[in-house]
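Below is one structure, written out as structure tokens, with a few remarks after it.
Read-outs: derived from the displayed coordinates by stated rules, not from any lab. Owing to the predicted nature of the structure, the values given are computational and were not obtained by experimental measurement. Cβ placement follows ideal geometry from the backbone for every residue including glycine, while neighbour counts extend to all protein chains displayed.
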4 protein chains.
Amino acid sequence: MSGFESSSSLPLRVAIVGGSGYAGGEFLRLALGHPHLNVTQVTSERSAGQPVSLVHPNLRGRTNLKFRKAADLEEADILVLALPHGSAAKRLSEFEGKARVIVDLSADFRLKDAEVYRSVYGEDHPTPDRLGQWVYGNPELHREELRGATRIACAGCFATSVILALYPLLKLGVLLPKDIIATGLVGSSAAGASASESSHHPERAGSLRVYKPVGHRHTAEAQQELPGRFPLHLTAISTPRVRGILTTVQAWIPDGYSDRDVWSAYREVYGQEPFIRIVKVARGVHRYPDPMLLDGTNYCDLGFEMDVDTGRVVLMSAIDNLVKGTAGHALQSLNIAHGWPETTGLEFAGLHPV
Amino acid sequence: MSGFESSSSLPLRVAIVGGSGYAGGEFLRLALGHPHLNVTQVTSERSAGQPVSLVHPNLRGRTNLKFRKAADLEEADILVLALPHGSAAKRLSEFEGKARVIVDLSADFRLKDAEVYRSVYGEDHPTPDRLGQWVYGNPELHREELRGATRIACAGCFATSVILALYPLLKLGVLLPKDIIATGLVGSSAAGASASESSHHPERAGSLRVYKPVGHRHTAEAQQELPGRFPLHLTAISTPRVRGILTTVQAWIPDGYSDRDVWSAYREVYGQEPFIRIVKVARGVHRYPDPMLLDGTNYCDLGFEMDVDTGRVVLMSAIDNLVKGTAGHALQSLNIAHGWPETTGLEFAGLHPV
Amino acid sequence: MSGFESSSSLPLRVAIVGGSGYAGGEFLRLALGHPHLNVTQVTSERSAGQPVSLVHPNLRGRTNLKFRKAADLEEADILVLALPHGSAAKRLSEFEGKARVIVDLSADFRLKDAEVYRSVYGEDHPTPDRLGQWVYGNPELHREELRGATRIACAGCFATSVILALYPLLKLGVLLPKDIIATGLVGSSAAGASASESSHHPERAGSLRVYKPVGHRHTAEAQQELPGRFPLHLTAISTPRVRGILTTVQAWIPDGYSDRDVWSAYREVYGQEPFIRIVKVARGVHRYPDPMLLDGTNYCDLGFEMDVDTGRVVLMSAIDNLVKGTAGHALQSLNIAHGWPETTGLEFAGLHPV
Amino acid sequence: MSGFESSSSLPLRVAIVGGSGYAGGEFLRLALGHPHLNVTQVTSERSAGQPVSLVHPNLRGRTNLKFRKAADLEEADILVLALPHGSAAKRLSEFEGKARVIVDLSADFRLKDAEVYRSVYGEDHPTPDRLGQWVYGNPELHREELRGATRIACAGCFATSVILALYPLLKLGVLLPKDIIATGLVGSSAAGASASESSHHPERAGSLRVYKPVGHRHTAEAQQELPGRFPLHLTAISTPRVRGILTTVQAWIPDGYSDRDVWSAYREVYGQEPFIRIVKVARGVHRYPDPMLLDGTNYCDLGFEMDVDTGRVVLMSAIDNLVKGTAGHALQSLNIAHGWPETTGLEFAGLHPV
């Protein structure tokens, strides 16, 4: 017995902690359109007392909620933590008293191994014994564990784009255990809502800027989730887009394999997935995945192309970093956890042109 | 008795004629999410036989429809015409045999006066006697006429942004009958889906280009719809955005009036409107209407500011040209015509940031 | 006798005060390519001790200068002040001891009338008796006064675009003394180099945002410089561009006048101007002025179109706000002041496409 | 004896064949500012008879040249061929009668080996015996051969960004002969001046689109020019920029080597290069190469970062595809060929911000 009444006529009360940032704001947008959720509280230290629509102007006319301080947090059914990395773990006991279900959008509970956490984040995890209790919030890989889950640590955005491109191929042995290189082109919203010199419009608008050539923290996340042992290398580049990640993954197919095997692997593993589309079209403008088409949607579009002479395969993966990379798969995970139809509240198809 | 069964369990069959363009594609996107509509046909001469998702890649996985030729059009309940200006009027009888309800997204049936039509479009109207049968598809001004309507001529996008900004103020006498100047900043999607030298990305991406300084055709439309007689002047400028229109309207307040009267007029006329928001915030980044926030939504955001020394008032109006300027108010009009809740299928709140 | 030796073999020493901002950086870029100028000092309180190329990365390999504090300023021949508005006037005596020639890029010395200054800037001018000593740094209007000038107050960027569009027409009586409305579409660099919430890339990249509907401070500047008395109204809108202003001016032609008179007026007044081009082409993509084509150049492109039915004329004016709107006309003014060929150091033609 | 009189008082006559495209237009812009060149003819079949400034609006007021047909080509000193790939080779004898020096901007004469040409371009080379007469127009690798050269085949833009990043490291043995992967982010101008569906602004403005995941033709060019034998893999992605290429190259350092060796190699090989800058800054916004800073310049900015745990090195390379990738190194090559100072006509420093 799961304890979740999916057919309950009363929607569940949601509190969003750290709701003035982009991740919290996006979860709020999605939750406001969800028939089984009722957002009752949104916290922000900086904006406490102000209408949330002042900070999230797309929600004008959609909600009368005002921000409150986290100290004023009251009980809820679900707590969504959208805090700076490190905060959720440090304040975990405080939050656990407030709701039965906690969804964390930060990196705090994604890694299972406290040693790995230390090597990646440079400090000891505050609650290492609790790491095992969290389900990694990637519905495609952890659907079964998510059913009835009460602790969900949502996957990182760049990690998600890498994991979803590679998972079926590694699982089914379609790739060599050879250096895999993922290059992510990332929009400016991934760096958050705080203004900085590097986000100043004149410095950023026309920029193509490598911001993490080596040492990206999501490497550990992706390696934890992907089957097998192989060297994985990530490079992240800023683009002039606001939303979206386009990741190209360079990998290697064993002798005797072809792009049919890539097709088969994707179909076998993702054939029933509601939010994964294989995009590989012979003609027209939109032949491969493109984040332009995904703003506001929970899709991950995947494509690939093979170089028959060398066995190199180029995988392509596109998501909206704030939806499928953050708030969207958080909601998809919650849908699974509560037994609701998985696409509930995530129906937006995306715009074209835009 | 209207003849519309709004509670019908069977959705109405919709055929979109000219569905490979941006207007038709946007109506298709909206209609696919509408509980009382079932899109059964989409025509395109150029793309006949191809899946609609090849041309509208945002609809991948959402529909299996293929384009057909207009010659193969079968019966439907509702015909949505998304043809180049001039085509709908010339082929009206052909279309009238196919469905009881016709919605035209072009300019063909917007003007009531055949003389005005000739002076604006430079040729005689093919069916001048029929002009009076069409309702101008602007829900805020023509809600009552739209109930039960079977011929709806949807308002032009720039015209809509001008009309909605001015209507309450002219109706309630808050403006002087003095030269009114509207300057529209328009995204590239307004020029349609056909590639041209001026839409070539390197020529357009960074451009701010006046494309219609004087003589804009929507002037006649706006003058037809707005109360009173006054000189109206339109200037249209291309911007690097894809969607959206931001219109500033320069007008003049009579002595003794103040911005309170503008507030009151907007509230009185638009107080119950589901898709009009008054945006005038004292602080923060988003103090006035901004099309950035409206991509994919059916909102018209209105704002204003007054220069007390001169009586000048600057009205600001933002819409998504493809939604509130085209397919959205078409659907809103259909909702009204059929007695469905007016916001059905138009619930998307918009994204921030984006 | 002017006291300037234009044929001097020794270049003049230039010190830029407040050189870490965009205006100072742009003047530095231009001055480094000028055969008669030698930039010997650049001050910045925040970046003192650092190479200027760290802040102005386009100058890597072009200069080894380091920022120093203003307190360490040594003697120079020319002082270019690129300080926040208000600072130059308050510290004038400090600067006057350092160089014979002072060019101010701020608004401090543009207005001649201390009363007007107070009403516009909300405080008393610190040195009202000195206002008369400064030449308004607009070469097209004040070329004669600029010869030999030692105090140059460079014109504001939006004001420049308005003044250059209107000056010949007002001077030669081609416009009615009726409400003139100027709408400026402005790039983000005009707001300076300091990051803020409103300049945060995700909030600004796709934005079309009215930031000054009424009450723009450049109104007073433009009215001071333009002949005759008429009501002038300015509205300023942010665009996604980084550089550039496109201004449309709506004005009125007397009965009996036509667009030939506009042509004639522009030709008569600007026929010999090296940096003004009349852009009005019958066909092609680039028929009117467009700031896209002007990045880095000192041009002001002017165009116009007339509505014969109403006598309305739409003037169009495009500049790079940091060049013709700031550093470029500062250098042009210095060239005139010293008797150097007026285009020296300002030869860049601009890029296409870009 | 070279036969070139670099001190000649008479500038050399230049004819640009195919001058209505972006490559030809950019060469024209640069040549107009060059003291030893006099552009006397520009051909365009489509625009014959029209002023060049109609097609290249940045050159308004800079030249009165009109396009002529190639059939009307008269003698010149230097012929610059800016034709679609394939045309120059087919019409070589026609052009050789017109001028002593020919610079080809296409791919026709870049490859030395006719077999390789066939495998890359899918057809036999029209004049295979002539391939050996052309110098590959990359000044950094072929400076000595360029002195006095009369046939210059300018390097491809993406190839240039790859070659310049790798050459010193491969030459000095700082890289393992292991799979090297280059990912190029390319602006829309690289696809030329002809409008197409994929260049239609609404389809391209927000796009991040892989357009050549495998099989890029520049692979052969880069392999021909780079020392040693190693597998080289190229992937090319469209970005919303108009100009510029940012290439990241993933490569591998032998055991015992470090990033100091990368520094040393770059310094040793490029220490005296006027147009190569190593950009690797510890702090600030602009820490690595960024094409944003290079519009209009002839620089290639290079950077790198090393992952000490894995021996992976990420090289970064930024150029303006139309300048250092096309017209700029063409002019630099001509400067070398004629013994003029190498930077002549290429002094523009680039803009910031922009």
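A few comments on the model shown:
- For chain A, modelled as a GNM whose springs connect Cα atoms under 10 angstrom apart, the maximal fluctuation among A:HIS218, A:HIS125, A:HIS286 occurs at A:HIS286.
- Among beta bridges that DSSP assigns inside chain D, antiparallel share in %, nearest 5: 45 percent
- Label spacing, shortest first and in nm, from A:LYS178 to its equivalents in the remaining copies (7 angstrom along Cα→Cβ): 1.2, 7.6, 7.7
- A Förster radius of 51 Å, combined with the Cβ-Cβ distance separating D:LYS171 from B:GLU45, puts the computed FRET efficiency at roughly 0.30.
- For region D:256-312 and region B:286-354, distance of Cα centres in Å: 48 Å
- Region A:158-321: antiparallel DSSP beta bridges as a percent of all, rounded to 5: 70 percent
- Summary of packing: across the peptides D:173-186, D:60-73, C:40-53, the per-residue average of other C-beta atoms within 10 Å ranks them, highest first, as D:173-186, C:40-53, D:60-73.
- Taking the average, over residues, of other Cβ atoms within 10 Å as the packing measure, peptides A:114-122, D:201-209 rank D:201-209, A:114-122 from highest down.
- Per-residue ellipticity at 222 nm computed for chain D from its helices equals -7000 deg cm²/dmol, with DSSP H segments shorter than 4 residues left out and the rest contributing -39,500 (n - 2.57).
- Region B:32-78: C-alpha pair distances exceeding 14 Å, %: 51 percent
- Alpha carbon centroid spacing (whole Å) that separates region C:81-114 from region D:19-53: 44 Å
- Most mobile listed residue (A:ASN58, A:ASN321, A:ASN38) in chain A, GNM with C-alpha springs under 10 Å: A:ASN58
- Think of chain A as a dipole: +1 on every Lys or Arg Cβ, -1 on every Asp or Glu Cβ, centred on the Cα centre; then among A:THR219, A:LEU351, A:GLY184, A:LEU351 lies furthest on the positive end.
- Each Cα pair of chain C feeds into the Kirkwood radius, which the Stokes-Einstein equation turns, at 20 °C and 1.002 mPa s, into a diffusion coefficient of 103 µm²/s.
- A simple spin-label model places the labels of A:GLU115 and B:LYS66 5.9 nm from each other, with each point 7 Å out along Cα-to-Cβ.
- Residues whose placed amide H lies under 5 Å from that of D:LEU12, excluding near-sequence neighbours: D:LEU37, D:ASN38
- Remark: mean inter-chain Cβ contacts per residue of A:309-317 equal 4, using a 10 Å Cβ-Cβ cutoff to other protein chain atoms.
- Pseudo-label separations to other copies for D:ARG143 - Cα-to-Cβ vector, 7 Å, nm: 4.5, 6.2, 7.7
- Local electrostatic count at B:ARG60 - Lys and Arg +1, Asp and Glu -1, tallied over other residues with Cβ under 13 Å: +3
- Here the mean projected area of the convex hull built on the C-alpha positions of the protein assembly as shown is 53.7 nm².
- Using the Cβ of B:ALA15 as centre and a radius below 11 Å, the other residues enclosed give a net charge of -1, where K and R count +1 and D and E count -1.
- Taking every alpha-carbon pair within region B:7-114, the share separated by more than 21 Å comes to 31 percent.
- Cα-based equivalent ellipsoid of region A:158-321: semi-axis lengths in Å, sorted from largest, via gyration tensor: 28, 18, 14
- Note on D:177-186: average number of Cβ atoms from other chains within 10 Å of each residue's Cβ is 3.
- Taking every residue in D:237-250 and counting other chain Cβ atoms within 10 Å of its Cβ, the average works out to 6.
- When the convex hull of its Cα atoms is viewed from all sides, region A:299-354 shows a mean projected area of 5.7 nm².
- Considering only the protein assembly as shown, percent of DSSP beta bridges that pair antiparallel, nearest 5: 45 percent
- Sum of side-chain charges, C:GLU96 neighbourhood, beta-carbon under 11 Å (Lys, Arg +1; Asp, Glu -1): +4
- GNM flexibility winner over chain B from B:GLY137, B:GLY19, B:GLY192 (Cα, springs under 10 Å): B:GLY192
- What separates the C:LYS69 label point from its copies, with the point 7 Å along Cα to Cβ, is 3.9, 7.3, 8.3 nm, written shortest first.
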